[in-house]
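Heads up, the thing below is written out as structure tokens.
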Amino acid sequence: MSKMKTHKSSAKRFKKTSKGKLKRGRMHRNHLAEAKSPKRKRQARRPGEVSKADTPAVRRNLGI
């Protein structure tokens with residue numbers, strides 16, 4: 001049987017932390033930024049964590 005392939009677009013979007021959690025980037029960063037408050041843009045720089053419901057699907061895509 002062949003090996004599972006990594007879903008490449010998921011591999012670019014998600015990273016595994018040392019404790020096994022999954023990091024993701026935050027949305028609303030690229031478009032219409034001048035309408036957003038500096039606080040909102042600054043907080044969007046920090047990585048988010050993948051939700052519990054989405055974690056199994058992302059793990060499967062990454063082959064973890």
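The numbers here are math on the coordinates, done by the rules we state, and not lab data. Not measured: the values here are computed from a predicted model. As a convention, Cβ positions derive from the backbone with ideal geometry for all residues, glycine included, and neighbour counts pool all protein chains shown.
Remark: pairs (first residue in region 45-59, among the basic types (Lys, Arg); second residue assigned to a strand (DSSP E or B) and surrounded by 10 or more Cβ atoms within 10 Å (Cβ to Cβ); Cβ separation under 9 Å; 6+ apart in sequence or on different chains) = Arg59/Lys16; Arg59/Leu22. Here the condition is being among the basic types (Lys, Arg) and in contact with a Phe, Trp or Tyr (Cβ under 8 Å, 6 or more places away or on another chain); of Lys41, Lys23, it holds for Lys23 alone. In region 3-20, the residues that are in contact (Cβ under 8 Å) with a residue 40 or more places away in the chain form Cβ pairs under 9 Å with partners that are in a strand (DSSP E or B) and not charged (D, E, K, R), at six or more places apart or across chains, as follows: Phe14/Leu22; Lys16/Leu22. Scan region 7-18 residue by residue and report those that are among the hydroxyl-bearing types (Ser, Thr, Tyr) and part of a loop (DSSP other than H, G, I, E, B). Selection gives Thr17, Ser18.
One line per residue, one yes/no per condition, for (1) touching a helix residue (DSSP H, G or I) at 6+ places or on another chain (Cβ under 9 Å); (2) not aliphatic (A, V, I, L, M); (3) not in a loop (DSSP other than H, G, I, E, B):
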position: Met1; (1), (2), (3): no, no, no
position: Lys5; (1), (2), (3): no, yes, no
position: Gly20; (1), (2), (3): no, yes, no
position: Lys39; (1), (2), (3): no, yes, yes
position: Arg45; (1), (2), (3): no, yes, no
position: Ser51; (1), (2), (3): no, yes, no
position: Pro56; (1), (2), (3): no, yes, yes
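Would you check which residues across region 22-33 are assigned to a loop (DSSP other than H, G, I, E, B) and either surrounded by 13 or more Cβ atoms within 10 Å (Cβ to Cβ) or under 15 Å from the mean Cα position of the chain (by Cα) (or both) and list them? Correct list: Gly25, Arg26, Met27, His28, Arg29.
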